[in-house]
Amino acid sequence: MSHYARLWLTSARYCIMRMMMFRGDFFVWALVELFWMTVNLLMVSVIYQHTDTVAGWTKYEMMLLVGTSLLIQRFLMGFFWSSIFEMGRNIRSGHFDFFVAQPGNVMFTATTRKIDPDSLINSLVALGVVIYSARQLGLQPGWVEVLGYALMVACGVIIHYSMLVLCIAPAFWITSVQGIEGSYFTLSEFSRLPRAAFVGLAKVAFVWVLPVVVVSNTPASTLLHGFDLQLAGWLVAITALWFGLAVFVFHRGLKRYSSASS
Amino acid sequence: MLATLNKYRVTFLVGLQSNLIYRVNFAVRGFFSFFHLIVVFILWSAAYAGSPLIGGFNFAQTFTYFVALLVAQFVIGAFNEDYQISEEIRGGLINQFLLKPVNYFAYRFSIYVAARLVTGLLILVPLIVSLPLIGEYLVLPSEPWRLGIGLPALFLSAIIQFGIAYCFGMLSFWFLEIQGFVILSMALESVLGGQIFPLDLMPEWLFRISQFLPYYYQMYFPVAIFTGRLNDPSAALVGLGIQACWAVAILGLGAVLWRRGLRLHTAVGG
């Protein structure tokens, strides 16, 4: 375990050194992320200019939900996105050989090699949105709620990580996932919607089958309505399920990998 | 003249073939884009539950707007043309165009047209399949002037879309990495191009400003004409004039960047 921690720390140190070398890039990307987050908040703002509630959620409750969703996504982008995105291209080009030849778990080295400090910096902004919204709502969560919130955000990151791996893993079968990797972002859009807005088939598909809605709604509800042990237990269980599925599909794909070119 | 046209006809056909190779990818992308429509449907139907009209439009009109926008994205949107051009400059692949009687802009534009023909046709599949489900929420006005102004507006939007992507690609003569600029511009486009919400829902003063920016004419303008969010033919004609000016300005900027960029180009690789 400590071996993998040391590996990750070495990679993280390298990424930070690289960021210091390309400071301009870091600022541009940090600005890009900040702008995209602003776009999401702007949408909430524009909608609430014309209506008071959306599925029973007020403006600041919605901001809290969107802030939580952005926080989870910033962590995902910061810790995993670059590595997983490149994984698809590496499988096609044959550069994935590098990871297969490394001693240790291939999925770990291939999906954690790069971190994006710009996304991690912006996670502070997302956290700021959550705190600001909570203050506007007059919420005063206790330690149990705050720790429960942190645990559920961590579960959310693992579920999103698993979904992203599942979106890229088809590269082992169809060679190029260009265009498909974007499907993850389409799915992640659901996490910015309140659970109460889903009815009928949409509720079955996006609340129960694909956990894209619960990953953000559950932590937001913890801050709004208090810690619910049953809900937390359920979230931990589906986190384990989705992570297990991602590991299974990745390793099935890995067996098909036959390198490329010369 | 015919020989020139023939060159780009062949380029178009090669582009068509290479895009057809990735038809599964485009089809999957098109399929997942309809998930975006589900998000739109759920979010806006929840918003409309508290108010039957938003910005003077009912739910069906707003939903039609988003469906038309999605189709327009697949028919005229620049997907990754900027990135492809950037790769060709960085990798030295443009060197071959400097030695042959091929206009690089026309070459790339031919490939763009071929790619959009493939994606434009592929998006029709999920649209037709989902029509029984969403058909009752689609309302399209039928005044003939909308077609007369909307079609040239759609063509000019394609020019602006491609032109902006081309200009961003040209930045590779100066910068190693352009993706940051591209995605920053995409974020601007998504707001000021009406992809996140219809622009007419913005505060009046911001909507007025947006009408003088190129983003307004990238997608929102033709879609607003076709879906009835823009109902004044004379205002649409004025818009068409501004759009034509932006198209010329962006093409001009692309030509300047190409000429200036070539002065810096050292033709490494290829």
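The values are calculated or read from the model by the stated rules, or taken from the named source; none is laboratory data. What you see is a predicted model, and the numbers here were worked out from it, not measured in a lab. Counting neighbours? That spans all protein chains shown, and the Cβs are built from the backbone with ideal geometry, glycine included. Ligands, DNA and RNA are stripped out before the accessible areas are found, and what is left, the full protein with its side chains, is counted by its heavy atoms. Shrake-Rupley method; radii C 1.70, N 1.55, O 1.52, S 1.80 Å.
Of the whole protein surface, residue A:99 contributes about 10 Å² of accessible area at a 1.4 Å probe radius. Here the contact order of chain B, divided by its residue count and restricted to Cα pairs under 8 Å and six or more residues apart, works out to 28 percent. Surface calculation, 1.4 Å probe, protein heavy atoms: residue B:155 sits at approximately 120 Å² accessible.
Per-residue Cβ counts within 10 Å, from other chains only, averaged over B:42-53: what number is that? Write down the numbers at each step before the final one.
On the way: counts 13, 11, 3, 4, 13, 9, 3, 6, 7, 4, 0, 1.
Going residue by residue through B:42-53 and averaging, the value is 6.
Taking N as the number of residues in the range A:1-82, what is its Cα Rg relative to 2.2 N^0.38 Å? List each step's numbers first, then the result.
Values: Rg = 17.8 Å, N = 82, 2.2 N^0.38 = 11.7 Å.
It is 1.51.
One equal scatterer on each Cα of the range A:41-139, no solvent, Debye formula: the resulting log10 I(q)/I(0) at q = 0.16, 0.20 Å⁻¹ is -0.74, -0.92.
A straight line joining the Cα centroids of the range A:21-86 and the range A:219-252 runs 21 Å.
Sort A:3, A:95, A:225 by accessible area with a 1.4 Å probe, largest first. Write down the numbers at each step before the final one.
Details: A:3 95, A:95 120, A:225 140 Å².
The ranking, largest first, comes out as A:225, A:95, A:3.
Heavy-atom accessible area, probed at 1.4 angstrom with all protein chains present, ranks B:143, B:88 as B:143, B:88, highest first.
Normalised by the residues of the range A:2-256, what does the relative contact order come to in percent, with Cα pairs under 8 Å and at least six apart? Could you put the intermediate results ahead of the total?
Numbers: 287 pairs, mean separation 65.1, N = 255.
Over the range A:2-256, the number comes to 26 percent.
Provide the solvent-accessible area of residue B:189, counting protein heavy atoms only and rolling a 1.4 Å probe, rounded to the nearest 10 Å². Roughly 30 Å² of residue B:189 is accessible to a 1.4 Å probe.
Can you pull the Kirkwood radius for the range A:86-199, inverse mean 1/r over Cα pairs, to one decimal in Å? Intermediate results must be reported in sequence, preceding the final value.
Values: mean 1/r = 0.0585 Å⁻¹.
Across the range A:86-199, the inverse of the average 1/r is 17.1 Å.
When the alpha-carbon atoms of the range A:2-256 are used, the pair Rg, Dmax equals 18.8, 57 angstrom. Each label was represented as a point 7 Å from its Cα along the Cα-to-Cβ direction; for residue B:102 and residue A:18 these points are 3.2 nm apart.
Could you compute the FRET efficiency for residue B:128 and residue B:155, with r as their C-beta to C-beta distance and R0 at 30 Å, rounded to 0.05?
Working: r = 24 Å, r/R0 = 0.80.
Efficiency for this residue pair is about 0.80.
Per-residue mean of foreign Cβ neighbours for A:203-212 is 1 (Cβ atoms of other chains, 10 Å radius).
Keeping all protein chains in place and using 1.4 angstrom, which order do B:219, B:186 fall into by accessible surface area, from largest down?
Order by accessible area, largest first: B:186, B:219.
Remark: mean inter-chain Cβ contacts per residue of B:25-32 equal 5, using a 10 Å Cβ-Cβ cutoff to other protein chain atoms.
Note on the protein assembly as shown: the alpha carbon radius of gyration divided by the globular reference 2.2 N^0.38 Å gives 1.00.
Quick check: from the Cα gyration tensor, does the range B:129-223 come out rounded (a/c under 1.5), prolate or oblate?
Taking the square roots of the gyration eigenvalues as a ≥ b ≥ c, the range B:129-223 is prolate.
Given R₀ = 45 Å, FRET efficiency for residue A:236-residue B:53 by Cβ-Cβ distance, to 0.05? E between residue A:236 and residue B:53, to the nearest 0.05, is 0.55. Take the alpha carbon atoms of the range B:134-187, find their center, do the same for the range B:79-102, and report the distance between the two centers in whole angstrom. After rounding, the separation between the Cα centres reads 21 Å.
Shown for the range A:101-165 is the translational diffusion coefficient from the Stokes-Einstein equation, using the Kirkwood radius over Cα pairs, a temperature of 25 °C and a viscosity of 0.890 mPa s: 169 µm²/s. Which values of log₁₀ I(q)/I(0), to two decimal places, follow from the Debye formula for chain B at q = 0.12 Å⁻¹ with a uniform point scatterer at every Cα? Log10 of I(q)/I(0), two decimals: -0.79.
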